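A short worksheet on the structure shown next.
The values are calculated or read from the model by the stated rules, or taken from the named source; none is laboratory data. Model, not experiment: these values are computed from the prediction. No Cβ is skipped: glycine too gets one built from the backbone with ideal geometry, and neighbour counts run over all protein chains shown. The accessibility values were calculated without ligands, DNA or RNA, using every heavy atom of the protein model including side chains. Shrake-Rupley method; radii C 1.70, N 1.55, O 1.52, S 1.80 Å.
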Amino acid sequence: MSYAAQAGATRTVEPDPVPAAGAGPQHPPLAGQPGLTMAQLDRALTIRQANEAFFWQFGRSSADLCGRTFSDLVHPSVQQPLLRQFSGLIEGRRDRFATDVIAVGPHDETFTVPLTAVMVRGDLPDESSILVMMPDGRPDSGGSEVVAGQKKLLSEIDAKILEGIAAGVSTVPLAARLYLSRQGVEYHVTCLLRKLRVPNRAALVSRAYSMGALKVGVWPPKVVESFVK
């Protein structure tokens, strides 16, 4: 099985400007955690951005893949079951799912890959997105590599709020769970956005997974202990 290697950094459909305070949802590039293929989808399952490993996995460029529907990349035999799984996320009946899918490569060859999809919910519907993660199939993907310069970035309350956001919990239920006011949760979320230099909750979860701060394949989401002060 061969795939065309894609060079260069992660690219999106259109570069997004640095958001001003109070700006609407943006689509920042996804950084790559070694050993992990990642893509961010909107509620229509359109690929908005992905990391380099994702483009390599499917043997196509960002221009070819961004803007396409994710189901186009899987075999017709699994499209309907996969769409039902995604519908459960979008309709709020679940927060994540994990399944094996039959994906289609650039020359119509098929390969089976485990897929995990997580719904990242904002306070407004158009702020929500779906984070799709798969193992990086590149021969030298460096899956055992340790993130360089790892620091204890998060307080205990930051970690709990990040775990809640990654689990798809919105502000009010998260406040009740942590015995905080709504304003208290929003304050901590704002601090997290600034700390990780991202514009919204979806980007926050993407960045946390990409830098290795959230454990992959664990539910409910769990922050890696070495990131907590």
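Take Asp108 and Arg93, extend 7 Å from each Cα along the Cα→Cβ direction, and tell me the distance between the two endpoints in nm.
Placing both labels 7 Å beyond Cα along the Cβ direction yields 3.4 nm.
Suppose accessible area is computed on protein heavy atoms with a 1.4 Å probe; arrange Arg68, Arg177, Arg182 from highest to lowest.
These residues rank, largest area first, as Arg177, Arg182, Arg68.
To the nearest 10 square angstrom, how much accessible area does Lys215 have with a 1.4 angstrom probe?
Accessible surface of Lys215 is approximately 70 Å².
Hey, if we sort His188, His75, His107 by accessible area with the 1.4 Å probe, largest down, what's the order?
I get His107, His75, His188, largest accessible area first.
Take Asp136, Asp72 and sort them by solvent-accessible surface of the protein heavy atoms, 1.4 Å probe, largest at the top.
From most exposed to least exposed: Asp72, Asp136.
At 7 Å along Cα-to-Cβ for each site, give me the label-to-label distance between Arg182 and Asp42 in nm.
2.7
Rounded to whole Å, give me the distance from the Cα center of region 187-228 to that of region 37-88.
Measuring centre to centre over Cα atoms gives 22 Å.
In Å², and per residue, what accessible area does region 183-229 have when probed at 1.4 Å with the other protein chains present?
47
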